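Only the coordinates and a few stated rules stand behind these numbers; no lab work does. Being a predicted model, the structure only gives us computed values, none of them experimental. Here the Cβ is made from the backbone with ideal geometry for all residues, glycine too, and neighbour counts use every protein chain on show.
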Amino acid sequence: MRTDVFFWAAIALLLCAAEVLAPGAFLLWLGAAAAAVFLVVLLVPGVSILTQACLFAALGIVSILAWRRFSRGKRALSGGDPILNRRTAALIGRVVPLERAIVNGHGRVQIADAYWDVVGPDLPAGTPVRVLSADGMTLRVGAAG
């Protein structure tokens, strides 16, 4: 059998295997393009090396752009989680007792297993407060009442 057929089969397999080792949905589509060129070379003997390379480049670009367009549209439809990776945003609205009194505008609360610095009006320890907003690792709170 011709070496160009084996070459494209090997390239397709190597690119797909590389995608497993370094996932990102990029090498997979180049592997699909190499597999398509493999099929063309297998079914149409006599295709020049230059035509094969151009076909691979064109199919690689088209497949990657098609995947990006498809996945972007799919991601936009799902909406995702607006507070993903924003832990403090998930705390807004929670009511928790003050672990340490707010004195001169600064205190501390415990939420689950984490301690958070808080700012707000002076209140004694144990007072229920509502998380109003977050600025970095500091929560702005007010009396929950």
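Give me the percent of Cα-Cα pairs in the chain that sit more than 17 Å apart, rounded to a whole number.
In whole percent, the share of Cα-Cα pairs in the chain beyond 17 Å is 71.
As a check on your grasp of the helix formula, calculate [θ] at 222 nm for the chain: sum -39500 (n - 2.57) over DSSP H runs of n ≥ 4, divide by the residue count, round to the nearest 500.
-16500 deg cm²/dmol
Mind checking Rg over Rh on the range 87-143, alpha carbons, Kirkwood formula for Rh?
That ratio equals 0.90.
Compute the distribution of all C-alpha to C-alpha distances in the range 3-78, in bins of 5 Å from 0, and list the percent of pairs in each, rounded to whole numbers.
Pair shares across the bins are 3, 18, 23, 21, 16, 10, 6, 3, 1, 0.
Within 10 Å of each residue's Cβ, count the other Cβ atoms and sort Thr51, Thr3, Thr127 from fewest upward. Present the calculation step by step, with values, prior to reporting the outcome.
Working: Thr51 14, Thr3 7, Thr127 17.
The order, fewest Cβ neighbours first, is Thr3, Thr51, Thr127.
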